[in-house]
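Taking it in order: structure first as structure tokens, then the write-up.
The values are calculated or read from the model by the stated rules, or taken from the named source; none is laboratory data. What you are looking at is a predicted structure, and each value in this text was computed from that prediction instead of being measured. Positions of Cβ are generated from backbone atoms using ideal geometry, with glycine treated the same way; all protein chains shown enter the neighbour counts.
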Amino acid sequence: MEGNPGMIDVQNVSKVYEMPGESLRVLDGINFRVGKGETASVVGPSGSGKTTLLNLLGALDRPTEGRIVIGERDIAALSEEEAAAFRNRSLGFVFQHHHLLPQCTLLENVLLPRLAGGWEESEVATTERAEALLEEVGLQDRLGHFPYQLSGGERLRTALARALVNEPNLILADEPTGSLDEETTEVVADFLVQLNEEKGVTLIVVTHNPALAKRMQNYYELRSGKLEKR
Ligand code: ADP
Ligand code: MG
């Protein structure tokens, strides 16, 4: 792309959910750009479309109208297979409820992205990195523990380690600190900011929490289907 290739370029994106007898226009002509290595947050009331927007950015769903260019690719135009490969290689997801598998240990949970296939690295190498990531988030003594044995903050830190295991250049986080107290939220915000500064990871965080939102370089609000810069 010419000039300044933004890492993420959302162009006039709308999302309409079609249901029997009803259609819901959740996103209504949204535009925004996040440069490579930048951070952005999106706040907005419950039901305003924050998760919808992240799902589009993560190629988990497709826009009804508009284009989403990430790197140099229009991700809405990817086939299912290409979208899966894009998610697997370039993206780290941190979900609202963390989605750790209860029957798997922390280490196994962090290794889960391997199971999605197309993983070229040896299992030993990935395992070593998973262990190092769990150490980075302070869980080195808990590798064999199960999610139910953890606090909310520790579960989130496990989810962060899992999001990083494929060494993504983009992290999408959906209300990562939703159920955490202020102090733990601060620790997680520090971790995310440090990750961006040290590894140059582009970061998009959707959150209810203004303290977390303000730690990101760009701060947007989603309301009535429109995205406004704050
Ligand atoms: P937020 O994450 O900001 O709380 P969501 O993106 O989850 O908001 O949802 C935005 C709106 O879209 C809500 O009214 C929700 O009920 C609706 N919605 C979300 N997903 C679907 C779907 N798959 N089908 C129909 N409506 C949906
Ligand atoms: Mg949501």
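Values as computed for the structure displayed
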| read-out | value |
| --- | --- |
| Search result, residues across segment 190-230 that are of a type in the set (A, V, I, L, M), modelled with pLDDT of 90 or more and more than 16 Å from ligand 2 (Cβ to nearest atom) | LEU192, VAL193, LEU195, VAL201, LEU203, MET216 |
| Residue match in segment 15-37 (condition: within 16 Å of ligand 2 (Cβ to nearest atom), under 16 Å from LEU227 (Cβ atoms) and in a loop (DSSP other than H, G, I, E, B)) | no |
| Boolean, LEU56 is over 14 Å from the mean Cα position of the chain (by Cα) and modelled with pLDDT of 95 or more | no |
| Scan of segment 98-130 for residues that are under 26 Å from THR185 (Cβ atoms) and outside any loop (DSSP other than H, G, I, E, B), ordered by number | LEU106, LEU107, ASN109, VAL110, LEU112, PRO113, ALA130 |
| One residue from LEU164, LEU156 being under 18 Å from SER90 (Cβ atoms), within 20 Å of the chain's Cα centre (by Cα) and modelled with pLDDT of 90 or more | LEU164 |
| Residue count for segment 1-25, restricted to those that are at pLDDT 90 or above and either within 23 Å of the chain's Cα centre (by Cα) or surrounded by 14 or more Cβ atoms within 10 Å (Cβ to Cβ) (or both) | 11 |
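Residues are listed down the side, and each one gets a yes or a no for (1) part of a loop (DSSP other than H, G, I, E, B); (2) within 16 Å of ligand 2 (Cβ to nearest atom):
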site	(1), (2)
VAL42	no, yes
THR51	no, yes
ARG62	yes, no
ALA83	no, no
ARG89	no, no
GLN96	yes, yes
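Quick grid of which residues meet (1) crowded, with 21+ Cβ neighbours inside 10 Å; (2) polar (S, T, N, Q); (3) farther than 26 Å from GLY178 by Cβ; (4) within 16 Å of ligand 1 (Cβ to nearest atom):
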| position | (1), (2), (3), (4) |
| --- | --- |
| ALA40 | yes, no, no, yes |
| LYS50 | yes, no, no, yes |
| LEU56 | yes, no, no, yes |
| ALA59 | yes, no, no, yes |
| ILE70 | yes, no, no, no |
| GLU81 | no, no, yes, no |
